[in-house]
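One structure is given here, and the rest of the page talks about it.
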Amino acid sequence: MDIGSDANFDRVDWTIIDIPVDPFNFNDPFNFKVGTPQGSPISPVLSIIYTSSLLHKMRDLANTALGMYIDDGAIFACGRNWRDVENALRNCYTLCTEWLERAGLSIEPDKTELIYFKRPQEKMAPPTYTHLPLPAEQTYYWVHATPILRYLGFFFDSHLSWSHHINTMCNRARASIKALQLLSNSVQGLDHAHWQLAYNTICLPVLTYGCQLWFSGKQVGLVKKLQLVQNKAVKVIAGAFRTAPQEALHQLLTILPIDLRLRMLTQNTTLCLYKVSRESQLLRRLEGDWYTPQPHNDTLPTPNNAQAHTTLCSLASCIKVKGPQVKPFPTLPPGAPS
């Protein structure tokens with residue numbers, strides 16, 4: 001469930017009244033905007049500090065979890081049947097709204113979305129809507145379940161098939177390729193080097209967005225959709241005919257096939273675990289030899305399914321635990337220019 005908050009952690013508006021020496025001569029008040037700029041990397045830090053007590057409070061609830069990224073929150077609830085899921089979701093939502101109201105914040109009902117994830121063997125259909133409390137107006141409002149939910153750039157469906165996400169990324173990449181075609185033709189415009197640079201910086205990140213979350217090497221159908229878009233881009237870059245062989249064009253332009261590209265990005269992400277400190281909260285989710293326990297750490301919530309295999313665990317299983325520890329900011333040697 002996605003929550004939209006009215007709070008803006010990027011900027012704070014203040015009303016400043018200029019008081020001169022003469023107490024009987026006041027200037028007109030004016031607005032003075034202070035804070036961090038929009039999109040600043042310090043915004044998530046400020047958000048975590050401000051909402052840390054809410055995150056700690058939600059840990060006491062069973063079968064629910066709360067995740068937040070700045071002003072976008074997601075409530076996860078599970079249960080043995082849909083009634084238990086609704087009750088757990090409503091209880092967690094009520095605690096969130098009460099805390100936000102005390103903190104001077106509020107939830108935007110218009111931006112609240114709901115999605116149910118159904119197991120393949122589940123025969124009973126999930127509810128089509130649910131009602132959630134609205135303490136500010138002492139009433140309830142209805143939230144209809146949606147088959148597709150967008151959160152942090154990902155498109156989730158009720159079966160986690162990732163088909164809608166891949167289709168959306170493919171359509172966006174096709175639109176970018178069409179727009180780039182206006183910059184050149186077979187006679188003049190961008191050459192091969194600039195065309196390839198534009199494809200690598202504009203289209204390719206769209207096609208491979210978030211592949212570390214869904215790609216495991218077994219999604220042949222999803223990878224084929226991405227490859228078809230790249231095949232079209234390769235023909236445009238090379239200025240080749242529609243019937244030109246795809247493999248030869250990839251080799252001439254030194255562009256990796258999409259399946260090899262996805263594997264490379266996933267493996268590079270896995271190697272980044274060697275750069276993370278052994279005391280970090282990220283490696284704490286892996287436990288074992290990955291993490292060095294600290295005396296002040298709280299206990300992590302116990303998952304309902306002990307055999308659950310998260311994406312982080314899947315990435316970590318591709319490399320050795322006791323690998324080379326890489327310092328992201330190594331110490332400069334004596335005498336080195338700073």
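From (1) assigned to a strand (DSSP E or B); (2) loosely packed, with under 13 Cβ neighbours inside 10 Å; (3) of a type in the set (S, T, N, Q), pick out the condition that doesn't hold for T112.
T112 satisfies every listed condition except (2).
Determine, yes or no, whether K275 is open to solvent by 20 Å² or more (accessible area, probe 1.4 Å), out of contact with any Pro (no Cβ under 8 Å at 6 or more places or on another chain) and among the charged types (D, E, K, R). Walk me through it before giving the result.
On the way: open to solvent by 20 Å² or more (accessible area, probe 1.4 Å): yes; out of contact with any Pro (no Cβ under 8 Å at 6 or more places or on another chain): no; among the charged types (D, E, K, R): yes.
Against the criterion (open to solvent by 20 Å² or more (accessible area, probe 1.4 Å), out of contact with any Pro (no Cβ under 8 Å at 6 or more places or on another chain) and among the charged types (D, E, K, R)), K275 does not qualify.
Output the number of residues of the range 165-209 satisfying the condition of being touching a residue at least 12 places away in the same chain (Cβ under 8 Å) and in contact with a Ser or Thr (Cβ under 6 Å, 6 or more places away or on another chain).
2
Examine the range 242-256 for a residue that is within 30 Å of A193 (Cβ to Cβ), under 29 Å from the mean Cα position of the chain (by Cα) and at pLDDT 75 or above, and state whether such a residue exists.
Quick first cut of the range 242-256, residues within 30 Å of A193 (Cβ to Cβ) only: 242-256.
With the extra rule that they be under 29 Å from the mean Cα position of the chain (by Cα), the set shrinks to 255-256.
Then drop every residue that is not at pLDDT 75 or above, which leaves 255-256.
Yes, the conditions are met somewhere in the range 242-256.
Out of all the residues in the range 147-164, which are touching a residue at least 12 places away in the same chain (Cβ under 8 Å), in a loop (DSSP other than H, G, I, E, B) and open to solvent by 40 Å² or more (accessible area, probe 1.4 Å)?
Of everything in the range 147-164, those that are touching a residue at least 12 places away in the same chain (Cβ under 8 Å), in a loop (DSSP other than H, G, I, E, B) and open to solvent by 40 Å² or more (accessible area, probe 1.4 Å) turn out to be P147, L152, H159, L160.
Return only the number of the condition from (1) closer than 30 Å to F117 by Cβ; (2) charged (D, E, K, R); (3) part of a helix (DSSP H, G or I) that K178 does not satisfy.
Unmet condition: (1).
Residue check: is R119 under 27 Å from P205 (Cα atoms) and open to solvent by 40 Å² or more (accessible area, probe 1.4 Å)?
Values: under 27 Å from P205 (Cα atoms): no; open to solvent by 40 Å² or more (accessible area, probe 1.4 Å): yes.
So R119 does not fit the description; no.
Would the range 270-278 turn up any residue that is under 15 Å from Q227 (Cα atoms), in contact (Cβ under 8 Å) with a residue 12 or more places away in the chain and touching a Gly at 6+ places or on another chain (Cβ under 8 Å)? I'd like the intermediate steps shown before the answer.
Initial filter on the range 270-278 (under 15 Å from Q227 (Cα atoms)): none.
Within the range 270-278 (the criterion being under 15 Å from Q227 (Cα atoms), in contact (Cβ under 8 Å) with a residue 12 or more places away in the chain and touching a Gly at 6+ places or on another chain (Cβ under 8 Å)), the answer is no, since none of the residues qualifies.
Could we say that V234 is over 30 Å from E108 (Cα atoms), crowded, with 16+ Cβ neighbours inside 10 Å and within 22 Å of the chain's Cα centre (by Cα) here?
On the way: over 30 Å from E108 (Cα atoms): yes; crowded, with 16+ Cβ neighbours inside 10 Å: yes; within 22 Å of the chain's Cα centre (by Cα): no.
For V234, the condition - over 30 Å from E108 (Cα atoms), crowded, with 16+ Cβ neighbours inside 10 Å and within 22 Å of the chain's Cα centre (by Cα) - is not met.
Among the residues of the range 210-231, what is the count of those that are surrounded by 15 or more Cβ atoms within 10 Å (Cβ to Cβ), farther than 14 Å from I255 by Cα and without any contact (Cβ under 8 Å) to a residue 40 or more places away in the chain?
Residues flagged as surrounded by 15 or more Cβ atoms within 10 Å (Cβ to Cβ), farther than 14 Å from I255 by Cα and without any contact (Cβ under 8 Å) to a residue 40 or more places away in the chain within the range 210-231 amount to 1.
Are any of the residues in the range 88-102 touching a Leu at 6+ places or on another chain (Cβ under 9 Å), among the small types (G, A, S) and either in a strand (DSSP E or B) or open to solvent by 70 Å² or more (accessible area, probe 1.4 Å) (or both)?
no
Say whether the condition of being touching a residue at least 40 places away in the same chain (Cβ under 8 Å), touching a Gly at 6+ places or on another chain (Cβ under 8 Å), open to solvent by 70 Å² or more (accessible area, probe 1.4 Å) and not in a helix (DSSP H, G or I) is met by at least one residue in the range 45-67.
Checked against the condition, which is being touching a residue at least 40 places away in the same chain (Cβ under 8 Å), touching a Gly at 6+ places or on another chain (Cβ under 8 Å), open to solvent by 70 Å² or more (accessible area, probe 1.4 Å) and not in a helix (DSSP H, G or I), the range 45-67 yields at least one hit.
Just need a number here: residues in the range 124-143 that are more than 24 Å from W99 (Cα to Cα) and not in a loop (DSSP other than H, G, I, E, B).
Narrowing the range 124-143 to residues more than 24 Å from W99 (Cα to Cα): 124-129.
Subsequent filtering for residues that are not in a loop (DSSP other than H, G, I, E, B) retains 129.
Residues meeting the conditions: 1.
The values are calculated or read from the model by the stated rules, or taken from the named source; none is laboratory data. Note that the structure is predicted; figures quoted are calculated from it, not measured. Virtual Cβ from ideal backbone geometry, glycine too; neighbours counted across all protein chains shown. Just the protein is used for accessible areas: all its heavy atoms, side chains included, with ligands, DNA and RNA removed. Shrake-Rupley method; radii C 1.70, N 1.55, O 1.52, S 1.80 Å.
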